[in-house]
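Right, one structure below, let's go through it.
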Amino acid sequence: MAHALRQLIDQSDQVIIMGHKKPDMDSFGAALGISRIAINRNKPVSVIINSYNDSLSEMYNRAVASENYQFIKNEEALAIADKDTLLVVVDTHRANMVECPELLDKTDKLVVIDHHRKTEEFIDNATLTYMEAYASSTSELITEILQYIGDKKDIDKLEAEVLLAGITVDTNRFSIKTGVRTFEAASWLRRMGADTANVRQFFQTDLDSIKQRSRIVASSWMASPGIALARCEGKYLDVQVINSRAADEMLNIRGVKASFVIGENEEGLTVISARSLGEVNVQTIMEKLGGGGNLTKAGAQITIPVEEAIAKIEEMIKELDTK
């Protein structure tokens with residue numbers, strides 16, 4: 001896979017990388033990892049970032065300050081892309097989830113690298129597809145590719161730290177969906193200079209956010225033995241981040257095997273974050289609501305009211321109890 005990717009990069013005039021809308025640490029880390037491969041192959045490379053939430057700001061600002069990466073928006077990507085451009089999609093395989101869906105038809109060279117379970121909306125015209133549901137994260141897959149690509153194995157310290165952060169966030173700090181290869185990838189990134197203290201700083205948040213998370217956890221209830229639900233009151237621009245962190249925290253409650261946090265963003269969409277220790281497949285539940293993810297980490301954004309979404313989730317949980 002690494003050699004095939006290297007060949008595609010060498011045969012292309014430039015490389016454009018994009019992840020899913022509202023990128024997380026895994027998507028961003030994977031994008032910087034592919035960017036390093038292209039840089040090492042002396043190819044012009046750009047990363048599409050249209051917007052990002054507060055949890056990514058520290059990481060993104062450090063990347064911009066380094067001046068090693070070219071970040072662009074959809075308009076510029078559409079303007080510079082042609083048939084000889086290599087487009088690399090990371091951390092998603094769904095055409096409707098990428099940063100710039102229109103870009104998928106602008107080039108004949110398309111690579112998809114993802115760790116989520118394949119869904120019906122997958123990108124079906126890719127030249128090269130690398131989808132491994134066993135992997136903890138896309139950052140883990142990219143880290144393995146970096147080791148086998150055949151170039152010099154040095155990567156920037158920031159790239160190593162961002163990739164390690166991507167693995168860390170998708171494994172809930174190496175507590176879920178973590179295999180031997182996950183630790184091997186993390187070990188290699190540590191040897192490449194990743195500082196765990198710096199990685200921890202990526203996860204720091206302000207005091208108000210911590211208080212808000214505590215209020216959500218305190219208001220949670222058990223919808224079924226082992227399954228906890230909570231509601232985020234009010235409307236927030238970064239409700240996706242708020243919900244996900246609260247859902248992660250709820251897994252620390254003794255006896256909780258899965259958690260769901262439901263809230264509303266400023267656009268009026270209902271945003272759901274779901275987490276699991278592995279016994280409950282939260283992906284299948286979120287897919288029924290039009291979302292997705294993987295066995296232990298999933299989510300959805302839907303147009304129905306929060307109360308109705310809670311009722312639907314509770315109904316699906318009851319169906320699990322009857323099986």
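The values are calculated or read from the model by the stated rules, or taken from the named source; none is laboratory data. This is a predicted model, so every value here is computed, not measured. Note that each Cβ is placed from the backbone with ideal geometry, even for glycine, and that neighbours are counted across all protein chains shown.
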Point to revise | Qualifying residues in segment 42-75 (those that are farther than 14 Å from Phe28 by Cβ and aliphatic (A, V, I, L, M)) - the one surrounded by the fewest Cβ atoms within 10 Å (Cβ to Cβ) | key: Ala65
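Tell me which residues, restricted to segment 120-151, are in a loop (DSSP other than H, G, I, E, B) and either free of Cβ contacts under 8 Å to residues at least 24 places away in the same chain or out of contact with any helix residue (DSSP H, G or I) (no Cβ under 7 Å at 6 or more places or on another chain) (or both).
Glu120, Asp124, Asn125, Ala126, Glu132, Ala133, Tyr134
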Review point. If you check every pair at least six apart or on different chains, which have Cβ atoms under 7 Å apart with a residue in segment 298-316 that is in the same structural domain as Ala247 (by TED's automatic domain parsing) first and a residue that is among the charged types (D, E, K, R) second?
Key: Val306/Arg231; Val306/Glu264; Ile310/Arg231; Met316/Lys288
Review point. Does Ile227 satisfy the criteria of being crowded, with 17+ Cβ neighbours inside 10 Å, within 25 Å of Ser137 (Cβ to Cβ) and not assigned by TED's automatic domain parsing to the domain that holds Leu56?
Key: yes
Point to revise | Residue ID - farthest from Ile48 (Cα to Cα), chosen from residues in segment 86-120 that are over 17 Å from the mean Cα position of the chain (by Cα) and of a type in the set (D, E, K, R) | key: Glu120
**Study point:** Selection from segment 276-290 of residues that are surrounded by fewer than 20 Cβ atoms within 10 Å (Cβ to Cβ), closer than 18 Å to Glu120 by Cβ and either in contact with a strand residue (DSSP E or B) (Cβ under 7 Å, 6 or more places away or on another chain) or in contact (Cβ under 8 Å) with a residue 40 or more places away in the chain (or both)
**Key:** Glu287, Gly290
Check your understanding: What number of residues in segment 63-108 are touching a residue at least 12 places away in the same chain (Cβ under 8 Å) and at positive phi?
Key -> 1
Exercise for review: Just need a number here: residues in segment 210-243 that are charged (D, E, K, R) and in contact with a Ser or Thr (Cβ under 9 Å, 6 or more places away or on another chain).
Suggested key: 4
Practice item. For Ala309, indicate whether it is part of a helix (DSSP H, G or I) and either surrounded by 22 or more Cβ atoms within 10 Å (Cβ to Cβ) or at positive phi (or both). Key: yes
Review point. For segment 173-200, how many residues are crowded, with 21+ Cβ neighbours inside 10 Å and within 26 Å of Met250 (Cβ to Cβ)?
Key: 4
Exercise for review: Select from segment 7-24 the residues that are surrounded by 19 or more Cβ atoms within 10 Å (Cβ to Cβ) and among the charged types (D, E, K, R) and list them in ascending order.
Suggested key: Asp24
Check your understanding: Taking the condition assigned to a helix (DSSP H, G or I), modelled with pLDDT of 90 or more, assigned by TED's automatic domain parsing to the domain that holds Leu141 and of a type outside the set (Val, Ile, Thr), does Arg190 pass?
Key -> yes
Practice item. Quickly run through segment 81-98 and pick out the residues that are surrounded by 15 or more Cβ atoms within 10 Å (Cβ to Cβ) and farther than 20 Å from Asp26 by Cβ. Key: Ala81, Thr85, Leu86
Review point. Is at least one residue of segment 247-270 under 24 Å from Thr119 (Cβ atoms), under 18 Å from the mean Cα position of the chain (by Cα), modelled with pLDDT under 95 and among the small types (Gly, Ala, Ser)?
Key: no
Check your understanding: How do the helices (runs of 4 or more DSSP H) wholly within segment 1-116 filter down when requiring 2 or more residues that are outside the structural domain of Gly291 (by TED's automatic domain parsing) and closer than 30 Å to Leu207 by Cβ: which remain?
Key -> 25-40, 57-66
